[in-house]
Each structure stands twice: as C-alpha cells, then as structure tokens.
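The values are calculated or read from the model by the stated rules, or taken from the named source; none is laboratory data. In this text the structure is predicted, and so the values were computed from the model without any measurement. Glycine gets a Cβ as well: all are built from the backbone with ideal geometry, and neighbour counts include every protein chain shown.
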Amino acid sequence: MMISVAALQAPLGQGLSLEDKLHLIRHRPDFVCLPEYFYIRPTDQTYDDGAPLIESRLAELEHLSKDLACTIIGGTMPHPVNGGYGNIATVFNRGAVVGAYQKVNPFGREEQRGIVPGSEYRVFDIDGIRIGILICADVLNPQSFTELARLNVDIIFVPTVSPYRTSDTVFEKDQRDTSIFVAGAQRACAYIVKTCGTGSLFGGALQGRSGIFAPWGILRRVPPDSEDKKLLLSAVLDINEIREFKRMMAPDELRVSEGTSHEQ
C-alpha cells in the first residue's frame, strides 16, 4: 500500500493562498500536514488575539480537505480549555472532522502563556492507515514515541515551530534530526512527517527544517539554504514496508488491540 504524504512548510499567520491550494491539488497527496500555530499572526501578542478566528479557520480546513479529497492535519491552534488553552491539532478527512489531539508536553514559554497539557496520546484510523500526532516538544520525550508504538501507529505527523539559532551548524542539525526523528521512528516503528513553520511567532524568528523520516534514515529534508522558505516537501511511503518492519522489530508488549479508548 503506497501513501503520498506532504508537509507544507509555510510562514505562520498567512493561511493558505490560492497558489498553495493549486500546488496541493497538483501533487494529489493522501495526507497533508501544516505547521504548529499555523494561524497565529505576526501581530498577535497572546493566544486571546487568535481565539475569534478558530471556528472560521477550522471550517476553511474542513472545506479544503473535501476539495482535495485527502486528510489534513491542520497544524495547531490554541483552543480555550479549562484553565487556559490547549495546543490542539485537528484532523480532517474529505470534508469531515475525524478528531483532535492536544499537545501533552508544552515547552518553554507555552505554559507561561497559558497552554494546558493534554492527557493522552491518540491514533486515528483513516482508510486503514493508523496515524498519530506529536506536536513539537512532544518529540523531546522519548516516551511519546513509545506510547504511539503501543497504539500500532503507521505514520506520525509532527506540526512544529523551531526557533532560529544564529550559531546553529549543519552538523548540529543533522545530529538532532538523527537523534530525535530517526531514533523516534525506530522507537515507534513508524514513519514521521515533520512540518515546520517559518516567519515569526510572538516576535521570535523561526527556522523551518521540515523532514520525512523512517526507522532506516532520513527520506526527505529541507536543505539549510531553504529553512526560511515556503515549500512543499512530499514523499510516497510504503505502508506494507513499515508494517513488516514493525512485525519484525517491535516487542509484543508495545502492541494493543483494535478499539483502544485512545483511538478515534
């Protein structure tokens, strides 16, 4: 079973242009992942500023998933929850909402700004493909990958924002991609599709290093000279291959039966 996936690396707060939509239609992906905080505008100072736009943005993505006849992991948006905001990624499939995942591991200033941790990892079964979501700093906790391995995930989508680091070297970037994402794919026995935002978030500059990973290595990655650019990173993934890898490599204790309460 061959599945086409796409990571749309794009500036935060600009939404999807007609050119973006036409580009996606041309590639005909089965799954599209957008960046973390995709709709937070450069002028926004707090999560409150974007709250009035949530419903219209969700409706836009729901409609787009119908037009593209695909599944969209809609980046993330800060949703009001008890005690503050949840950093939530919503999944849309062909014009319908499938479900949502709330970031379990907020990082840095997120909690100071009012982000409330989610309580569970989830997978969503879409046309026989089991997808999971980790949001940015979730990947810094190796247990996140173990939890999704227990849920027999096939593909993990990772909406992300990464702060721009003036002294970052290519070697250091390679090391992080290998130690976090290739190692995470090995732990989860799954593919990983990481989608980064560019531009800025609450005044802090970002760098995009979107990538597509397998347990056996880096499949596709944005080159260092394009980390500030909007672009579409895509790949065709062999689901049978990753399931065979899982069958051979995953310990039995990392399996759960169908119908788990964590599954939508």
### Query
Hey, Ser144 hits all of (1) surrounded by fewer than 24 Cβ atoms within 10 Å (Cβ to Cβ); (2) assigned to a strand (DSSP E or B); (3) not acidic (Asp, Glu) but one; which does it fall short on?
(2)
### Members of the stretch 123-141 that are at negative phi, part of a loop (DSSP other than H, G, I, E, B) and over 13 Å from the mean Cα position of the chain (by Cα)
Asn141
### Message
Suppose we filter Gln143, Gln207 for residues that are touching an Asp or Glu at 6+ places or on another chain (Cβ under 7 Å) and among the polar types (S, T, N, Q); which single one remains?
### Response
Gln207
#### Entry: Pick from the stretch 162-220, criterion on the phi > 0 side of the Ramachandran plot and surrounded by 19 or more Cβ atoms within 10 Å (Cβ to Cβ), ranking: modelled with the highest pLDDT
Cys189
### Query
Tally time: how many residues in the stretch 73-88 are surrounded by fewer than 16 Cβ atoms within 10 Å (Cβ to Cβ), in a loop (DSSP other than H, G, I, E, B) and not polar (S, T, N, Q)?
1
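Table: residues versus (1) closer than 25 Å to Pro223 by Cβ; (2) not polar (S, T, N, Q).
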{"position": "Asp125", "(1), (2)": "no, yes"}
{"position": "Gly132", "(1), (2)": "no, yes"}
{"position": "Cys136", "(1), (2)": "yes, yes"}
{"position": "Gln143", "(1), (2)": "no, no"}
{"position": "Glu147", "(1), (2)": "no, yes"}
{"position": "Asp177", "(1), (2)": "yes, yes"}
{"position": "Tyr191", "(1), (2)": "yes, yes"}
### Query
In the stretch 60-89, how many residues are more than 20 Å from Ile3 (Cβ to Cβ), under 17 Å from the mean Cα position of the chain (by Cα) and among the hydroxyl-bearing types (Ser, Thr, Tyr)?
1
### Query
Among the residues of the stretch 89-103 satisfying the criterion of being surrounded by 20 or more Cβ atoms within 10 Å (Cβ to Cβ) and aliphatic (A, V, I, L, M), which is nearest to Val32 (Cα to Cα)?
Val91
#### Entry: Residue list for the stretch 228-258, restricted to those being buried (at least 17 other Cβ atoms within 10 Å of the Cβ) and modelled with pLDDT under 90
Ala250, Leu254
### Among residues of the stretch 207-232, those that are within 19 Å of Phe171 (Cα to Cα), touching a residue at least 40 places away in the same chain (Cβ under 8 Å) and hydrophobic (A, V, I, L, M, F, W, C), counted
3
#### Entry: Those residues of the stretch 74-108 which are in contact (Cβ under 8 Å) with a residue 60 or more places away in the chain and within 22 Å of Pro163 (Cβ to Cβ), in sequence order
Gly75, Thr76, Ala89
### Query
Can you tell me which residues in the stretch 99-129 are farther than 23 Å from Thr146 by Cα and either touching a strand residue (DSSP E or B) at 6+ places or on another chain (Cβ under 6 Å) or among the polar types (S, T, N, Q) (or both)?
Gln112, Gly114, Ile115
